[in-house]
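Accompanying notes for the structure given below.
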Amino acid sequence: MSDSIYKNAKDAFIDKVEPERFVRLDSNVVKLEKLHSIIDTPFKIVLISGEPGIGKTMLLHRFLYELSDTNSVVALFQPAFSLEEFKKKISTKIFGHHVDPMEAMNRIDGTKTIIVDEAQLYSIEILEYIRILADTQKYKFILSLHQNTNEEIMAKKHFQTRIAHTIELKPPNQKEFHIYVQKKLFSYNAIEIAQAFTPKMSNKIYNFTHGNLRNSNKFLYTLFDILHYFEEKSPTLLKNKIVDEKFIEMSAIHLGYINA
Amino acid sequence: MHEYDRLYQRWKRYRFKKILKTILFLLILCLVVVGLLFAYRFKTHENITTKKLPKTNNIILPQKEFEKHLKAPSYKYRSKRKKSIKKKPIRTHRAIQQPVPKTIIQKPLIIKNDQVDINELKRLFFKAPTPSKALIIARRYYQQKRYKESALWALKANELDKSNKESWLLFAKSLAKQGKKREAINVLRIYYKKSGSKDARILIQDIINGVFR
């Protein structure tokens, strides 16, 4: 089974963080460039918003990967559920041990940028603490959060005045989505499948997932998993095609996009 | 059974339903299209056959009148033919002729020639009656705007050959020219129902729309 041409294709769409294999699309490259352009400016808070699964976390990982030679940026990708835990996490990341970030801020040379992913999960208390830290001008925050919660935080006036930029991520269009699938397949050496995978097939998947990258990855993983299975068990079903469109429908049924 | 095998069975059922739905949709679409075409055709037909004229509620009544018209001349014709054998045929036919309008009298030479021609034609007709001779006479009268006579001779032609289209149309035109539009349309409707003649249908429309004057 490991010799299957679908094995690599399946691996390409496993939901895992791989900043080195980040797929550059027109829509996300612009946002990445914007982050690079504002990182050295004296901002307090930058918001990155977008619907779940749109690629915010991937974008932040890539951003961090591209800044790997500097130590002025740290990131919290796992949320903290209490203020103490939050303080502990950021102090450990910045100072290497647990201290109060407010007391230890004088030890910082210049400023520290803290990337906070899934900020919508943080309590008001922690968000207030973030605001206070941002006011010291020793800490700068890049908060990534879901689109609906963005409005809630924006509504808080004292928070609003501290937000320098808001970067909103949108799903790729159909053309970009096809490029995304192709690039992913090529990056995992699934060349044969990439060549057989037509824009029509990409569009069909896009119609189900609306370009949501997490859902699309799940869909494509399921598709290649099914193909992998039938290649072994009933190869005649594949009808000498690398990707038959009926398997796209089967994936849609399996994931609940089609009620069959 | 592996979950993907079950999935394949589900997909087959889904595919079957999808094809069935597509066929049903196409079938309904075809029926709708055919229905619309039929309705359109029926509506067009209805406009021609049932468009009401003022005070024309009963189609049967004018038909009866028309049948009377059809029978009356034939009777006259037979009786007069008998007479014409015994007596001078030209005189007898002068009896059924209407007085020549004054406008025609103003051009005596032409009228005379026409009259001579018509009389000659009548003589030939009574000698050996044919629908074509009756029609020629009817046409002459129609050209001379003597519509009563042209109607009569069109009827004679019709009596001899019921399927002769021109006899029907000329009779209807002659009636319409006399201002009897309702009767003319009824005659044409009878003929249209019998033959489905396109010319009859067009003439009905022309009379209804006032194009035919």
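The values are calculated or read from the model by the stated rules, or taken from the named source; none is laboratory data. What you see is a predicted model, and the numbers here were worked out from it, not measured in a lab. Cβ sites come from the backbone with ideal geometry, for glycine too, and all protein chains shown count toward neighbours.
Close Cβ contacts (under 8 Å, 6 or more residues apart or on different chains) running from residues in segment A:238-250 that are not assigned by TED's automatic domain parsing to the domain that holds A:F197 to residues that are outside any helix (DSSP H, G or I) are absent. The residues listed here are A:I163, A:I226, A:I248, A:I258; of these, the one that is more than 14 Å from every other protein chain (Cβ to nearest Cβ) and either surrounded by fewer than 14 Cβ atoms within 10 Å (Cβ to Cβ) or β-branched (V, I, T) (or both) is A:I163.
Among the residues in segment A:67-74, are any within 30 Å of A:K241 (Cα to Cα), of a type in the set (S, T, Y) and more than 14 Å from the chain's Cα centre (by Cα)? No, segment A:67-74 contains no residue that is within 30 Å of A:K241 (Cα to Cα), of a type in the set (S, T, Y) and more than 14 Å from the chain's Cα centre (by Cα).
Restricting attention to segment B:172-193, the residues that are over 9 Å from the mean Cα position of the chain (by Cα) and either part of a helix (DSSP H, G or I) or of a type in the set (K, R) (or both) add up to 9. Considered as a group, the residues in segment A:16-38 that are under 12 Å from the mean Cα position of the chain (by Cα) and of a type outside the set (A, V, I, L, M) include one that is surrounded by the most Cβ atoms within 10 Å (Cβ to Cβ), and that residue is A:N28. Of the helices (runs of 4 or more DSSP H) that lie entirely inside segment A:162-235, those containing 3 or more residues that are of a type in the set (K, R) span A:174-187, A:213-233. Report whether or not B:S167 is touching a residue at least 24 places away in the same chain (Cβ under 8 Å), closer than 25 Å to B:G210 by Cα and under 16 Å from the mean Cα position of the chain (by Cα). It is true that B:S167 is touching a residue at least 24 places away in the same chain (Cβ under 8 Å), closer than 25 Å to B:G210 by Cα and under 16 Å from the mean Cα position of the chain (by Cα). A Cβ distance below 6 Å, combined with a sequence gap of six or more or placement on separate chains, defines the contacts here; from segment B:7-29, residues that are surrounded by 13 or more Cβ atoms within 10 Å (Cβ to Cβ) reach residues that are β-branched (V, I, T) in the pairs B:R10/A:I253; B:W11/A:I253.
The condition of being touching an Asp or Glu at 6+ places or on another chain (Cβ under 6 Å) and more than 14 Å from chain B (Cβ to nearest Cβ) holds for only one of A:N217, A:N203, A:N212, A:N207, that being A:N217.
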